[in-house]
Amino acid sequence: MERINLGDYVTAPTEGAIATTAYGALETFELAAFLDQWKGLQREALVMLGEEQRIHPSAFIHPTAIIGDNVIIGPGVKVHEFTTVRKGSVLCAGAQVGFNCEVTATFVGEGAVLGHRIGVNRTILGARAHLSAGVTVAAINMTTDMRTPDREVIIRTMTGLYRCGTTQFGAVIGDDTQTGNNISIGPGVTIGRRCQITSGVTLAIRTVPKDCTVTAPHATDTSIRRRRSTFAR
């Protein structure tokens, strides 16, 4: 079974990105090991930074944005109107988060851009990745009670199924990857470096190799049929 090493997808941030080595060794982790240690690494980073340093003074945070108590924000980051960055998240140097986004327990790499109305959950986003408007990354499988997920997230690789060891994981999206708008991703997706995901694509439980383009069915292939009238004439 193929092992998924984060270094194959995401470049570790420089020390200046978040001023701590707790995440500086990101690329040395296998995915399942990183997900298992995520909370502990977050606590370690917060202790090393201290409360006064967890948000870099050069970061711009719009007054209407909501930032969780344990979120780490690096230099030059921009967080725009009506966006929520929830607990467990790290925004590395130069990252930009657009209007009305929700970022939960997500690692956003250096220079990465999240456009407007994006929701990402328990995801690792590589350096300089660019997500366009309306991208959603889900982190749990369908279950009887969605408030208490009980199905482990898996990834389908070329050599078999990779167990993530957790019931909550969205995606790894590699460095320099770009997406169109209105895209649904996860749970259990890995997308390699320098990929392009065109508008309207849905991906779950699979691996996309580096340097690939993923497209949805062409608009001309869309099925159109007359609906039965429900109105009295």
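The values are calculated or read from the model by the stated rules, or taken from the named source; none is laboratory data. From a predicted model like this one, the values you see are computed outputs, not experimental measurements. Neighbour counts are summed over all protein chains in view; Cβ atoms, including those assigned to glycine, are modelled from backbone coordinates with ideal geometry.
Working only within region 53-86, note down all residues that are out of contact with any strand residue (DSSP E or B) (no Cβ under 7 Å at 6 or more places or on another chain) and part of a loop (DSSP other than H, G, I, E, B). Let's see the steps before the verdict.
Step one: of region 53-86, the residues out of contact with any strand residue (DSSP E or B) (no Cβ under 7 Å at 6 or more places or on another chain) are 53, 57-58, 63-64, 69-70, 75-76, 81-82.
The answer is PRO57, SER58, PRO63, THR64, ASP69, ASN70, PRO75, GLY76, GLU81, PHE82.
Can you work out which of the residues in region 1-33 that are among the aromatic types (Phe, Trp, Tyr) and out of contact with any Ser or Thr (no Cβ under 9 Å at 6 or more places or on another chain) is modelled with the lowest pLDDT?
Going through the qualifying residues, I end up with TYR23.
If a residue has to be of a type in the set (A, V, I, L, M, F, W, C), touching a strand residue (DSSP E or B) at 6+ places or on another chain (Cβ under 8 Å) and under 15 Å from ILE66 (Cβ atoms) to count, how many in region 87-103 make the cut?
Final tally of qualifying residues: 4.
Test of understanding: among ILE124, ILE140, which residue is of a type in the set (Val, Ile, Thr), under 24 Å from LEU203 (Cβ atoms), buried (at least 20 other Cβ atoms within 10 Å of the Cβ) and modelled with pLDDT under 95?
Answer to the selection: ILE140.
I need every pair where a residue in region 200-229 that is acidic (Asp, Glu) has its Cβ under 9 Å from the Cβ of a residue that is surrounded by 13 or more Cβ atoms within 10 Å (Cβ to Cβ) and modelled with pLDDT of 70 or more, sequence separation at least 6 or different chains.
ASP211/GLY192; ASP211/ARG193; ASP211/ARG194; ASP211/CYS195
Out of all the residues in region 106-155, which are of a type in the set (Val, Ile, Thr) and more than 14 Å from the chain's Cα centre (by Cα)? Let's see the steps before the verdict.
The first filter runs over region 106-155 and keeps only residues of a type in the set (Val, Ile, Thr), leaving 106, 108, 113, 118, 120, 123-124, 135-137, 140, 143-144, 148, 153-155.
Hits for region 106-155 are THR143, THR144, THR148, VAL153, ILE154, ILE155.
Per-residue answers, yes or no, for (1) part of a strand (DSSP E or B); (2) in contact (Cβ under 8 Å) with a residue 24 or more places away in the chain; (3) farther than 23 Å from ASP8 by Cα; (4) not hydrophobic (A, V, I, L, M, F, W, C):
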{"position": "ALA127", "(1), (2), (3), (4)": "no, yes, no, no"}
{"position": "ALA139", "(1), (2), (3), (4)": "no, yes, no, no"}
{"position": "MET142", "(1), (2), (3), (4)": "no, no, yes, no"}
{"position": "ARG147", "(1), (2), (3), (4)": "no, no, yes, yes"}
{"position": "ARG151", "(1), (2), (3), (4)": "no, no, yes, yes"}
{"position": "ILE155", "(1), (2), (3), (4)": "yes, yes, no, no"}
{"position": "TYR162", "(1), (2), (3), (4)": "yes, yes, no, yes"}
{"position": "GLY165", "(1), (2), (3), (4)": "no, yes, no, yes"}
